[in-house]
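Working notes for the structure below.
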Amino acid sequence: MATGTRLLPITAVTSRAMPSKRALIIGISGQDGSLLAELLLSQGYEVVGVVRQPASTRFENLEAIRGRIELQQADVLSEISLVDVLSACQPHEVYNLASPSFVPMSWKQPVLTAEFAAVGVTALLEAIRRVDEGVRFYQASSSEIFGESREVPQTEETPLAPVTPYGVAKAYGHFITRSYRRRYGLFASSGILYNHESPRRPLDFVTRKVSHAAAAISLGLKSEVLLGNLDARRDWGYAGDYVRAMWLVLQQDEADDFVIASGETHSVRELAATAFAHVGLDWEEHVRVDDTLIRGKAELHDIVGDASKARKTLGWSPRVDFEGLVQLLVDADVERLRSRLEPVETLADI
Ligand code: GDP
């Protein structure tokens, strides 16, 4: 199996004593893409990101590193477009993080979801095969592929039973990655990531929705928040820990699949209680249940991962626990809202 130890172009090699590795991140402007880019830059990588919008767009998540990365606009559903990017960039590692990730939206846009999470992966694997079989490829798999799993907790061997269009499309992406590894010997690995959150999570997700509400209510900006099923449970972790796992997955001697999870679940009720307590509030005074937000048959249960293989093989373990995660999210939202309030307060003071 080729291992992707190609030299950089002459100019780059001669200008450095030690040629750095080059990573291509498809979907760099999202939560995971931007956190991964920061991690790789800190490891001395050259980072090239693929985006769908014009590269001149203001990407909020990339503001801190915009001057240190290169952005390429490409159609991630087009093999030709991907061949062009791979040929120009000549990466050693490719991370495929390009996919819509908000699960309920996949019921509204099932075809688009399938295009990005299933067909897009195939286009990328084909492009890699054509340009350089030595490239190491990371596929962002998801716990949604387990769906209504009969096995709890889930491991890399648990049969897939997806129920949402997102989960079904991701299952395709998972299998096609395995299939290319087996058929062509590509270094193609999947990280099966459970819910992972950060201040860069969009507000649609329950973690940010709750942390933002707790912060806003504590600052007197609103008084209540509407949530769905308070008994729903998830295996939540901190996205910063999970992008470290992605990188570790590509540093192994052999390509493989890894469950990345905290191994424990917490309910939405606990999430709310922890977040509101952090700002000195009683969640029960501010949370109301809105039945239209309850997912019913589309809800997943018992989704909890066993990351023993990642712990053993990758030497990975999460550094931020549930409480630390919730506090970090609330603190970030308080800070963000305060910084927006400041000019208003200053004017009011005058
Ligand atoms: P998901 O696991 O990728 O679907 O992540 P979400 O953050 O969207 O949802 C996590 C869990 O929180 C699910 O079980 C939802 O049913 C539950 N939940 C309860 N209330 C809400 C809400 O108001 N918004 C969202 N997004 N989820 C909620």
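Determine which single condition Tyr138 fails, assuming it passes every other condition in (1) within 16 Å of the ligand (Cβ to nearest atom); (2) out of contact with any Lys or Arg (no Cβ under 9 Å at 6 or more places or on another chain); (3) part of a strand (DSSP E or B); (4) not acidic (Asp, Glu).
Exception for Tyr138: condition (1).
Residue under question is Ala127, and the condition is that it be of a type in the set (Gly, Ala, Ser), surrounded by 20 or more Cβ atoms within 10 Å (Cβ to Cβ) and part of a helix (DSSP H, G or I); does it hold?
Judged against the criteria, Ala127 is a match.
Could you tell me whether Phe276 is in a helix (DSSP H, G or I) and buried (at least 22 other Cβ atoms within 10 Å of the Cβ)?
Answer is yes for this residue.
Only one of Gly280, Gly263, Gly296 is small (Gly, Ala, Ser), free of Cβ contacts under 8 Å to residues at least 24 places away in the same chain and on the phi > 0 side of the Ramachandran plot. Can you tell me which?
Gly296
Taking the condition of a type in the set (Asp, Glu), within 13 Å of the ligand (Cβ to nearest atom) and exposed (fewer than 13 other Cβ atoms within 10 Å of the Cβ), does Asp231 pass?
On the way: of a type in the set (Asp, Glu): yes; within 13 Å of the ligand (Cβ to nearest atom): yes; exposed (fewer than 13 other Cβ atoms within 10 Å of the Cβ): yes.
Yes; evaluated as a whole, the condition is true for this residue.
Condition first: closer than 21 Å to Trp247 by Cα, crowded, with 24+ Cβ neighbours inside 10 Å and either among the aliphatic types (A, V, I, L, M) or more than 14 Å from the chain's Cα centre (by Cα) (or both). Can you find one or more residues in the stretch 99-112 that meet it?
Checked the stretch 99-112: no residue is closer than 21 Å to Trp247 by Cα, crowded, with 24+ Cβ neighbours inside 10 Å and either among the aliphatic types (A, V, I, L, M) or more than 14 Å from the chain's Cα centre (by Cα) (or both).
Hey, can you tell me all the residues within the stretch 226-262 that are assigned to a strand (DSSP E or B) and of a type in the set (Val, Ile, Thr)?
Let us first name the residues in the stretch 226-262 that are assigned to a strand (DSSP E or B), namely 226-227, 233-234, 237-238, 257-260.
Answer for the stretch 226-262, where residues must be assigned to a strand (DSSP E or B) and of a type in the set (Val, Ile, Thr): Val259, Ile260.
How many residues are at pLDDT below 95 and either outside any loop (DSSP other than H, G, I, E, B) or in contact with a His (Cβ under 6 Å, 6 or more places away or on another chain) (or both) if we restrict to the stretch 80-109?
4
Consider Ser339 against the criteria (1) away from the ligand (no atom under 16 Å from the Cβ); (2) touching a residue at least 40 places away in the same chain (Cβ under 8 Å); (3) outside any loop (DSSP other than H, G, I, E, B): it satisfies all of them except one. Which criterion is unmet?
If we test Ser339 against (1) away from the ligand (no atom under 16 Å from the Cβ); (2) touching a residue at least 40 places away in the same chain (Cβ under 8 Å); (3) outside any loop (DSSP other than H, G, I, E, B), just (2) comes out false.
The values are calculated or read from the model by the stated rules, or taken from the named source; none is laboratory data. Just so it is clear, the model here is predicted, and its values are computed rather than measured. A quick note on method: Cβ atoms are made from the backbone with ideal geometry, for glycine too, and the neighbour counts reach across all protein chains shown.
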